[in-house]
Structure formats: structure tokens, C-alpha cells
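Values quoted throughout were computed directly from the atomic coordinates according to the rules given, and no laboratory measurement underlies them. If you're wondering where the values come from, they're calculated on a predicted model, not measured in any experiment. Backbone-built Cβ (ideal geometry, glycine too); neighbour counts: all protein chains shown.
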Amino acid sequence: MHSLVTKRRIINNSMTLTCLCLTHSLAQTHKTPHFTTFSCNPLFHIFSVSNPIPYPIKSMFFSVIFAFLCRILFQGILRPRIQPFSTNFRSAPTPSSLPQSMANFDADSVTYLTQPEAAEIDETLMGPLGFSVDQLMELAGLSVAASISEVYKSSEYNRVLTICGPGNNGGDGLVAARHLHHFGYKPFVCYPKRTPKALYAGLVTQLEALSIPFLSVEELPTDLSNDFDILIDAMFGFSFHGSPRPPFDDLIQRLVSLHSHNQIGQKRSVIVSVDIPSGWHVEEGDIDVTGIKPDMLVSLTAPKLGAKKFGGPHHFLGGRFVPPAIAEKYKLILPPYPGTSMCVRIGKPPQVDISALRENYISPEFLEDQVEADPINQFRKWFDDALAAGLKEPNAMALSTVGKDGKPSSRMVLLKGLENDGFVWYTNYESRKGHELSENPRAALLFYWDGLNRQVRVEGPVQKVSDEESEQYFHSRPRGSQIGAIVSKQSTVVPGRHVLYREYKELEQKYADGSLIPKPKNWGGYRLTPQLFEFWQGQKSRLHDRLQYTPHEINGQRQWKVERLAP
Ligand SMILES: Cc1cc2nc3c(=O)[nH]c(=O)nc-3n(C[C@H](O)[C@H](O)[C@H](O)COP(=O)(O)O)c2cc1C
């Protein structure tokens, strides 16, 4: 990160004294006196015990007095510049202004930091809040890599050049390069002014151990777009002042010049700046509008004022480590991070032309001689792959039905079983799909597993599952879902949410004693017996694999025939 480590050391050293003292509780626990560390940091009172060493009690008594005086002195006179926080961080209140979910988050309300605020927050993180520079750098670099992988898929943007400066911003870049390697990218690093500190040397060693090439400035091609898909600008962070010196002035110019290439229609590499584009003023941005124009900016901890001038399509926030005490003190309004993500988009995603959305799929070939003879087994294999890939709700499927009016309709449902060679889902028998299935008991299912570039189509006749099966499944659901199924007269018009809520509350009270909630008669499962499967896997240049299974009678035996369809 961007804090000045030396500053941190001065603060800590000035506030912490190691003294000999004997605490009351320690004296009770240990029969002999002990050396004890007493921190005079007014924000923390740390007592730790080392090996017992005999020592004259009298001398220790004076030590206690001395330590006590030190503490008063530091608290009363040399109060540190940083205001004390609650040491009970877990119970520190979340400001009411902080959004709890992305849904109610107003993108225009994001807090932008001045340079001194950003510096003070870093000092606080690395001082009283107990972070080390290594930790913050690791999380910052990971956030940068995560943001890149959100937008620029490694299948299309594989070759990444990280240009690292001599300071913490450069360290963030080194860490990002390592994570990008593990995410499937091919990183290169240009690190012309190496910092002779163990932290940076360690980061270099880690990259070398992954055989990530280090390129000198002289080795870089004149036109970076020829050799790289992504250029990470990790030269200077928010603590940088003045004009960039060689070789960074030239490197910055090379990034600037890429835009003129773009204007004449050539494909160019995308530029990702870490925290603040190098050469920009931290608070005023690209003052004379001649600086780098990144496509992506990854602000760390919170965006700096200069980031308001960022005009590219992808502004992300990273550095998911801000504790509530800091958010409270600086009245930070930041978007909530979704799930387990290390980054979150700030502002609106760019407006895109839907017709231009195009993914170049790269998957292993899917060949006839590799597939299972039984499509159910093939389906199970792919379903297991989707599970192993950690895809969200791989059992979600689009169900299409057609009533007697001949008008098709689709909706998502969840696959709940694959028994007796049939695909089972549960729903309300009086819903629209229920009516359509009673009129025309045939359906089509569609699974799409993004990330694996796969879809599966399944078609066939549909029957209700036995009442026992439905009963069993109904009672396996959470009680809230059971009540919800009673309340919802699915697909009928309701005057408002309050009606559903009122009925839900009434039933919740009725069954508050834990008694059995009866399954509504109109709720249950359907089973589709497949008569056609198609396994689709995306491939380069639209030459996708499509293997279709249809049943055939051979010598009185039902078998599946596999045929390739044109993509
Ligand atoms: C991911 C997902 C899973 C769903 N799973 C089910 C389900 O298993 N059963 C169900 O009745 N509705 C499910 N729904 C809601 C349906 O899509 C649909 O709104 C509802 O069944 C009414 O459809 P209909 O009016 O066409 O009958 C799901 C919706 C989504 C987005």
C-alpha cells in the first residue's frame, strides 16, 4: 500500500516503551516475578509474559512506577496525531450512513479522499490497527488482480505487463502479477528501480519462482500493444509528488501515446492504473489533460479526489480491509463488497452495445469418442464439473412449456433430483407452467454453465411425481419456504406485497409451536423423462461442439445415438 513505513516506525517507537513490571494478576499466577512488556501506546495496553527470571521485587516496584509515569506522560502530553479509536473494533458501530447492500447504494455518494486523509488512514491501519505493510500490499495486489479478472477475461486478454515503480504502488503491482499468474494470465514485469528492502526482494523472488519474466525498459517493444493485452500502471501511488524522473517519464509517455493508436482504429492494450494514474495529481487529476487515460482504475481503500476525473469505463474499489472504526471516523461511504469478492465496481458499468457483446470461447474439444454412452451419465459428469468449478446454482434451469394456445413460455426452476432417469423440479400445480403442462405435458429444459462455456438442452414428456415424493421433499424444506409455498397462489395477481406478508405472518404464528405444516394439495413435483439431449461446448471462432443424443431401438433394445450438429 502507500503508507510510509518509516513514518509508522517513528510513531510506534515513540509511543512504546518496554519496561519491567509486575502485574497483580501475573504475580498470582506465577510465583516468581516475570519480565513483562508494557506498551505505553495509549491506544493499546499490551501485557505479555516471557520466561520467568528472578529479580529483586524492590527494583521491579520502581519499574512499575516508571512505566506508569511514562504512560501518563504519553497520554497527557505527547498525544499522537492520530485520534484514538475504540480498541474493541468488533463492536465499533457501523455508521448509519454506510450502505448494507448494493441494492440501496447510491453510486454518486462515494467518498473521495484528500491526500492527507489517505496518508492518515494508511498510517492508522499500519499503526494502531495492527496491519503490516506486507499484509496491506498483499490485499491491494489481490484486489487489482481480482478487478482485472472481473472485466478482462484471461481467454482474451492474456499477456499482462506490470510496470512497477520503486515504492508501495510498485509493490502492489508485483503482488498483482503473482495473483494474475495463478488466475491463468501470462504476466511480465518491468521493474526498473528495485527497492532494496526484504519485502520487495521477497516479492521478486516469488515471481521468479513462477518463471515470470522481468523485462528491462530497453527490452520493451516500441509499441506495447504488439506484445501485451493489458498494461498495469503501478508506478506511482498517492504519496508521489513532483515530476516523474527517468525512466518513468518515458514509460508514462508510452502509455499516453497508446491512445493516439486507438484513434486510428488499431487494437491497443488496455491500461489498468493502480490507485491513481501515474503522473496525475492526487487531488486534481490529469490537470493539463495530457496524462495517462486508463481504461480501468482500481482505487484502493477509498478513491482519491483525483479519481473523480477518471473517465474510463471501469472504476473498481479494492482493499477490503477497512474496519468500521475508520469508516466511522472518516465518514466513508463506500459500496459494499459482494459476497467474497476482493473488489467492487464504483459507479455505473459502461453502456455497451448488446450486439457487440462477444465472447471468444476457448474450451477443450468435446469429441464423440469421449462422451458417455448414456446421456444421463454425461449430464452427471458435466454437472459435477459445474459443481467443482464453484458455479452459483448449477442446478438452475430454464423450463419452457407450451399450453393449448401454442404460445411458449419460459422461466427458471431448480433441478431437485435426477432419479429414475428423470429431471425433477417442484412448483405450484396451479401456476402458469402447471396449467400449460396439464394441457400439453411436454417441456424443454436448458442449463447454461457460464465459465465452463457449456449448455445442455433436455426435452421430453412430463409427469407429476408421486404424492409421497412431493410430501417428502416439501417437509425437507426450511419451514419458511413451506409457509411461503402455502401463501403463494403462484402466478395469480396480488394487490401488494403486504398481502403476502400478512398471510405469511399469520401462518408463521399458527405453526410457531413447531407442528407439522401440511403440504398444499396444489404443490408438488414434476419429472421430465428425456427423449433428447444436446451437449454444447463453446469453441474458438464459433466452431462450437454440439453433440445430440436421441433414443433408437436396436434389436428391441433402447439405445442412445450420438450425432454432431453444426454450430
Ligand atoms: C434461479 C431461479 C430458480 C427458481 N426456482 C423455482 C422453482 O424451483 N420452482 C418454482 O416454482 N419457481 C422457481 N423460480 C421462480 C420461477 O422462475 C417463476 O417465477 C415461477 O415459478 C412462476 O412461473 P410461472 O408463472 O410461469 O408458472 C425460480 C426462479 C429463479 C430465478
Listed highest first by mean packing, meaning other Cβ atoms within 10 Å per residue, what order do 183-191, 335-343 come in? 183-191, 335-343
Can you list residues from other chains, or at least 5 along the same chain, whose modelled amide H is less than 5 Å from the amide H of LEU300? ASP275, GLY318
How long is the gain from THR529 to TYR501 if the chain were fully straight, where each residue apart is worth 0.36 nm and the alpha carbon distance is subtracted? 6.4 nm
Once you sort the root eigenvalues of the Cα gyration tensor of region 161-270 as a ≥ b ≥ c, which label holds: rounded (a/c under 1.5), prolate (a/b larger than b/c) or oblate (the other case)? oblate
Between SER211 and TYR337, how many nm apart are label points set 7 Å from Cα along the C-beta direction? 3.2 nm
For ASP369 and THR550, what is the calculated FRET efficiency with R₀ set at 25 Å and r taken between the beta-carbons, to the nearest 0.05? 0.85
Inter-label distance for SER410 and THR492, nm, one decimal - labels placed 7 Å from Cα along Cα-to-Cβ: 2.9 nm
Rounded to 5, the percent of DSSP beta bridges in region 102-348 classed as antiparallel: 15 percent
Placing each pseudo-label 7 Å from Cα in the direction of the beta carbon, ASP288 and GLU419 end up separated by a distance in nanometres of 7.6 nm
To the nearest 0.05, what FRET efficiency results for LEU543 and ALA398 with a Förster distance of 22 Å applied to their C-beta separation? 0.35
Calculated FRET efficiency, LYS510 and GLU468, Cβ-Cβ r, R0 30 Å, to nearest 0.05? 0.75
With a ≥ b ≥ c from the Cα gyration tensor eigenvalues, square-rooted, and the rule rounded for a/c under 1.5, otherwise prolate when a/b > b/c and oblate otherwise, region 382-495 is oblate
Cβ neighbours within 10 Å, averaged per peptide: list 289-301, 546-558 in order, most packed at the top. 289-301, 546-558
Ordered by packing density, taken as the mean number of other Cβ atoms within 10 Å over each peptide's residues, highest first, how do 314-323, 151-160, 489-498 rank? 314-323, 151-160, 489-498
Just how many pairs of Lys in region 102-348 have C-alpha atoms closer than 20 Å, counting pairs that are eight or more places apart or on different chains? 15
Explain nothing, just compute: Karplus ³J(HN,Hα) = 6.51 cos²θ - 1.76 cosθ + 1.60, θ = phi - 60°, for every residue of region 434-451 in order, whole Hz, x for Gly and Pro. x, 5, 5, 5, 6, 7, 8, x, 9, 8, 10, 10, 9, 9, 10, 10, 4, x
Counted neighbours (other Cβ, 10 Å), sorted fewest up, put THR222, THR401 in the order THR222, THR401
When we measure straight from the Cα of LYS519, which lysines land under 28 angstrom away, once same-chain ones fewer than 8 places off are left out? LYS416, LYS433, LYS464, LYS489, LYS505, LYS510
